[in-house]
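Peer 1: Take a look at the following structure, please.
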Amino acid sequence: IEKTLAVELLMDKSKKCRGLVAYNILLDEYETIYASNIVLATGGLGQVYKYTTNPKVATGDGIALAYRAGAKIQDMEFIQFHPTALTVDGGLDDTEENRFLISEALRGEGGRLCHKNREKFMQKYDEKQELASRDIVTRAIFKEMKEQKTKNVYLDVSHIDSAKLLKRFPNISNICKLKGVDITKDLIPVSPASHYTMGGVKTKIDG
């Protein structure tokens with residue numbers, strides 16, 4: 001039901017879920033909804049982190065509902081961070097909206113991670129450099145940011161043919177342009193952001 005928030009799962013004495021209590025925002029009242037089956041489809045919990053690619057509604061509600069109802073929660077320590085989220089001021093950043101994802105396809109196309117002076121650093125961390133796995137690239141960026149005392153590093157794709165870039169990455173190009181970054185010649189400011197929640201409510205194959 002739109003404009004309605006689930007706030008509690010209703011459990012009977014045998015620990016079976018029989019429905020839920022919901023808050024109706026439009027009516028400003030609580031409602032009891034009975035059901036033979038309840039499906040938790042509430043997304044991740046990226047918003048518990050300062051920087052995330054997740055939408056504002058990804059606050060872990062489903063996991064919290066299940067936990068309070070007595071369900072087992074597992075693997076919550078496994079959070080995947082995407083290494084390259086756009087890091088600019090004025091929206092699509094840590095203050096207004098979820099951070100915009102700069103696809104790793106840009107690195108696959110030949111993009112290079114570097115500092116403001118265009119000095120590369122991934123060769124220090126892995127032989128695959130920019131093509132290393134997300135966890136390796138994320139940790140490398142975080143370490144460089146900490147050592148350099150900066151809030152971001154940069155992705156340089158200016159050496160790639162501009163027509164090719166604009167054709168293959170129109171959305172990234174347009175969003176960056178809105179934020180004052182021309183990917184065909186400027187460095188793209190990026191930093192890690194929480195991306196995937198790997199853990200959650202423990203279930204069997206039948207739910």
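Peer 1: Got a sec to turn the phi values of region 6-18 into Karplus ³J(HN,Hα) couplings, 6.51 cos²θ - 1.76 cosθ + 1.60 with θ = phi - 60°, whole Hz, x for Gly and Pro?
Peer 2: Here the 3J(HN,Hα) series is 6, 10, 7, 8, 8, 10, 8, 5, 8, 6, 8, 7, 10 Hz.
Peer 1: Also, I was wondering about something else. Provide the net charge surrounding ASP186, with neighbours chosen by a C-beta distance below 12 Å and charges set as Lys +1, Arg +1, Asp -1, Glu -1. Working shown, then result.
Peer 2: Numbers: positive: LYS116, ARG118, LYS177, LYS179, LYS185; negative: ASP156, ASP182.
For residues surrounding ASP186, the net value is +3.
Peer 1: Local charge sum around VAL201 (other residues, Cβ-Cβ under 12 Å, Lys/Arg +1, Asp/Glu -1)?
Peer 2: Working: positive: ARG68, LYS72, LYS202, LYS204; negative: ASP61, ASP75.
So the surrounding residues net to +2.
Peer 1: For the pairs LYS124/LYS151; LYS124/LYS185; LYS15/LYS56; LYS146/LYS185; LYS143/LYS179, note any where the Cα-Cα span goes beyond 23 Å.
Peer 2: LYS124/LYS185; LYS15/LYS56; LYS146/LYS185; LYS143/LYS179
Peer 1: Using a ≥ b ≥ c from the Cα gyration tensor of region 10-60 (square roots of the eigenvalues), is it rounded, prolate or oblate, where a/c under 1.5 gives rounded and otherwise the larger of a/b and b/c decides, a/b for prolate?
Peer 2: oblate
Peer 1: Compute the orientation-averaged projected area for region 15-116 from the convex hull of its Cα atoms and round it to one decimal in nm².
Peer 2: Orientation-averaged projected area of the Cα hull: 10.2 nm².
Peer 1: Quick one: pull the percentage of alpha-carbon pairs in the chain with a separation above 21 Å.
Peer 2: Looking at the chain, the distances longer than 21 Å represent 61 percent of pairs.
Peer 1: Peptides 124-131, 43-50: what's the order by average Cβ count within 10 Å, highest mean first?
Peer 2: Descending mean neighbour count gives 43-50, 124-131.
Peer 1: I need two numbers for region 149-194: Rg to one decimal and Dmax as a whole number, Cα atoms only, in Å.
Peer 2: 11.1, 35
Peer 1: In sequence order, what are the phi-derived ³J(HN,Hα) couplings for region 72-82 according to the Karplus relation 6.51 cos²θ - 1.76 cosθ + 1.60 with θ = phi - 60°, rounded to whole Hz, with x for glycine and proline?
Peer 2: Along region 72-82, the couplings run 7, 10, 9, 6, 5, 6, 8, 10, 8, 9, 7 Hz.
Peer 1: Would you mind classifying region 51-161 by shape? Square roots of the alpha carbon gyration tensor eigenvalues, ordered a ≥ b ≥ c; an a/c under 1.5 is rounded, otherwise it is prolate if a/b is larger than b/c and oblate if not. It would help to have the intermediate numbers written out before the result.
Peer 2: Details: a/c = 2.38, a/b = 1.82, b/c = 1.30.
Judged from the Cα gyration tensor, region 51-161 comes out prolate (a/c at least 1.5, a/b above b/c).
Peer 1: Given R₀ = 35 Å, FRET efficiency for VAL39-THR150 by Cβ-Cβ distance, to 0.05?
Peer 2: My answer for the efficiency is 0.20.
Peer 1: So what is the relative contact order of the chain, in percent, for Cα pairs below 8 Å that sit 6 or more residues apart?
Peer 2: It comes to 24 percent, rounded to a whole number.
Peer 1: With the full set of protein chains in place, find how many percent of the accessible area of the chain is carbon and sulfur; take the probe as 1.4 Å.
Peer 2: 52 percent
Peer 1: Quick one: accessible area per residue over the chain, 1.4 Å probe, rounded to a whole number of Å²?
Peer 2: Normalised by residue count, the accessible surface of the chain is 62 Å².
Peer 1: Next question. Using helices alone, I'd like the mean residue ellipticity at 222 nm for the chain: each DSSP H run of four-plus residues gives -39500 (n - 2.57), total over residue count, nearest 500.
Peer 2: It lands at -6000 deg cm²/dmol.
Peer 1: For GLU144, what is the net charge nearby, where nearby means another residue's Cβ is under 11 Å from its Cβ and Lys, Arg count +1, Asp, Glu -1?
Peer 2: Computed value for this residue: +4.
Peer 1: If you average the alpha carbon positions of region 11-82 and of region 136-196, how far apart do those two centres end up, in angstrom?
Peer 2: The two parts, judged by their Cα centres, are 33 Å apart.
The values are calculated or read from the model by the stated rules, or taken from the named source; none is laboratory data. Because the structure is a prediction, the values reported are computed rather than measured. Neighbour counts are summed over all protein chains in view; Cβ atoms, including those assigned to glycine, are modelled from backbone coordinates with ideal geometry. Ligands, DNA and RNA are stripped out before the accessible areas are found, and what is left, the full protein with its side chains, is counted by its heavy atoms. Shrake-Rupley method; radii C 1.70, N 1.55, O 1.52, S 1.80 Å.
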